[in-house]
Structures are given as C-alpha cells and as structure tokens.
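Data block below; observations after.
Nothing in this text is a laboratory measurement; each read-out follows from the coordinates by a stated rule. If you're wondering where the values come from, they're calculated on a predicted model, not measured in any experiment. In this analysis, Cβ positions are derived from the backbone assuming ideal geometry, glycine residues included, and neighbour counts consider all displayed protein chains.
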Amino acid sequence: MAGVMKLACLVLACMIVAGPITANAALTCGTVNSNVAPCIGYITQGGPLPGACCTGVSKLNSMARTTPDRQQACRCLKTAASALGPNLNAGRAAGIPKACGVSVPFPISTNTNCNIVK
C-alpha cells in the first residue's frame, strides 16, 4: 500500500510541475500578430512581399504544432484580418503561405471555420 501511495504522490507532483507548462501551450494573439505584422503593408497596399513577412509566417507555422495552437492561430488571424476591414485584400492574404513556400494547414480567410482546423 505504501508503494501505491508513493506512486500517487509522484504522479501528483508531476501534474503540479507540468500543469503550468501545458497551460501555456496555446499561442497568444500577441505572438501571432507580431509574427505577421510585417505582412500588413503587403496585404493592404500590395507591392513586393517583404522577406520579414515570410520569416514571420514560417516562424508562426513552426510554433503551431498542436491542434489547439493551430486553431488559436487561425482565430487570431481571422480577428486581425477582420480588423483591417475594407483595406483587406483577401486574395493577397490567402496567397502569402504559398508565396513564402510555407504549407499552412488551413486557408487564410475570414471565412475559415477554425474549430475544424486540425
């Protein structure tokens, strides 16, 4: 019985230590926005695609490894795109991943259902 109690205490201790780490696993919109900020001028005004935009998209894609992270990134991108209002060029926004050579597992669009992103 003492062995079971020690095992239970060990499991509980691991949960206490790992809890804060897993709680912070999801990306924040601040992180998403800072990575795609260099893309805003291209999305709204056109011109050449900045290298910093591709760097940010690539970095963001590599950070979004789990389904919750990808869903959160999707929601943040939708919110940011909606905030641009009529200045948003949806075609340019949707084409950024391909232009940067990054495979994103969901379409960049204000119409994307982020709840089904895997």
One finds, for Asn113 and Ala52 with R0 = 41 angstrom and r their Cβ-Cβ distance, a FRET efficiency to the nearest 0.05 of 0.90
In nm, the gap between the two label points placed 7 Å beyond Cα toward Cβ at Ser34 and Val102 is 1.5
Along the Cα-to-Cβ line of Gln45, 7 Å from the Cα, sits a label point; which residues in segment 75-118 have backbone N less than 11 Å from it? none
